[in-house]
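Visitor: One structure follows; several queries about it will come next.
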Amino acid sequence: FTFGQQKIEHQNQLWYGYYLTYSINKQWYLQGEAHERHFISPVLHHQTAFRAHLHRNFGKNWEVSAGAALFLNTPNDPAATVRLAIPEYRPHLEGLYKHNWSKLRVDHRFRAEMRFNQAANAARTALDESINFSNYRLRYRIQVLFPLLKSISGKVNTEILLNAAQENPENDLDQHRMFAGLSIPLRTNLALDVGYLHAFQQRPNLNYYDRSILSIMVYHRIP
């Protein structure tokens, strides 16, 4: 359907991922991530992603981190017949402030990332050796965690993602995401998060993707 002059395309997706956290000491820890995302109808691969970042705690409330990600992106249109995976590289810096409010824990995450894409030929059937800068992206997420049943917690968040130095200067909004789900402990160092994610994404041509996403994430901490 359309909104004003913009076209809105609805898509259903499944996202699942694995987070591994390794504590170096009380102040430092490493985190690695692996993600897979695909369309539900038709069942078709969309993205594979890997991310690693190093964190430094400052007291109980603040932490900063730096890291990078590799995304392998196939076309956003599931009807596209050519589905070459284009590598995207994303170095980032991040700050996190967390605090307790009554029985709630509130997290504020600020992330700035640069995006670089591997070049491809005009038909997008083969990769080129060159890597091109795409844009900067600024992200803010507020998240609330709260107790529900026994050790199960509820989790809700919303995140706004904004573009900077992009090709189309009118394409300021990259995405708005909203999530609601459950955090279920499986062991003392292992948890499963399951929930619904709604992502509203503006494309460079100012049309939109409206995505309903089932999100399944595993969080593993060692030692």
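The values are calculated or read from the model by the stated rules, or taken from the named source; none is laboratory data. A quick note: this is a predicted structure, and the numbers were derived from the prediction, not measured. A quick note on method: Cβ atoms are made from the backbone with ideal geometry, for glycine too, and the neighbour counts reach across all protein chains shown. All accessible areas refer to the heavy atoms of the entire protein, side chains included, with ligands and DNA or RNA removed. Shrake-Rupley method; radii C 1.70, N 1.55, O 1.52, S 1.80 Å.
To keep it simple, each residue is scored yes or no on (1) within 24 Å of ILE216 (Cβ to Cβ); (2) at pLDDT 95 or above; (3) more than 18 Å from the chain's Cα centre (by Cα).
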residue: TRP28; (1), (2), (3): no, yes, yes
residue: GLU33; (1), (2), (3): yes, yes, no
residue: PHE58; (1), (2), (3): no, yes, yes
residue: GLU63; (1), (2), (3): no, yes, yes
residue: PHE71; (1), (2), (3): yes, yes, no
residue: ALA79; (1), (2), (3): no, no, yes
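Visitor: Here are ARG187, ARG211, ARG203: which of them is crowded, with 18+ Cβ neighbours inside 10 Å and not hydroxyl-bearing (Ser, Thr, Tyr)?
Guide: ARG211
The rows are residues; the columns are (1) within 30 Å of ASN121 (Cβ to Cβ); (2) out of contact with any strand residue (DSSP E or B) (no Cβ under 8 Å at 6 or more places or on another chain); (3) open to solvent by 30 Å² or more (accessible area, probe 1.4 Å); (4) of a type in the set (Lys, Arg).
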| residue | (1), (2), (3), (4) |
| --- | --- |
| ILE40 | no, no, yes, no |
| TRP62 | no, no, yes, no |
| LEU72 | yes, no, yes, no |
| PRO75 | yes, yes, yes, no |
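Visitor: Follow-up question, since we're still on this one. From the residues in region 83-116 that are of a type in the set (Lys, Arg) and more than 22 Å from HIS53 (Cα to Cα), which one is surrounded by the fewest Cβ atoms within 10 Å (Cβ to Cβ)? Working first, answer last.
Guide: The first filter runs over region 83-116 and keeps only residues of a type in the set (Lys, Arg), leaving 83, 90, 98, 103, 105, 109, 111, 115.
The next check asks that each one be more than 22 Å from HIS53 (Cα to Cα); those that pass are 83, 103, 105.
Working: ARG83: 13, LYS103: 8, ARG105: 16.
Ranking the qualifying residues of region 83-116, first place goes to LYS103.
Visitor: From the residues in region 117-131 that are within 25 Å of the chain's Cα centre (by Cα) and open to solvent by 80 Å² or more (accessible area, probe 1.4 Å), which one is farthest from LEU93 (Cα to Cα)?
Guide: ARG124
Visitor: GLU94: at pLDDT 95 or above, more than 15 Å from the chain's Cα centre (by Cα) and farther than 27 Å from GLU129 by Cβ, yes or no?
Guide: So GLU94 fails the test.
Visitor: I've got another one for you. Scan region 190-223 for residues that are more than 18 Å from the chain's Cα centre (by Cα) and not in a strand (DSSP E or B) and report the count.
Guide: 5
Visitor: With respect to ASN100, determine if the residue is over 21 Å from the mean Cα position of the chain (by Cα) and either farther than 16 Å from GLN201 by Cβ or at pLDDT 95 or above (or both).
Guide: yes
Visitor: Take ASN163 and tell me if it is under 25 Å from VAL82 (Cβ atoms), open to solvent by less than 30 Å² (accessible area, probe 1.4 Å) and either assigned to a strand (DSSP E or B) or in contact with a Phe, Trp or Tyr (Cβ under 9 Å, 6 or more places away or on another chain) (or both).
Guide: no
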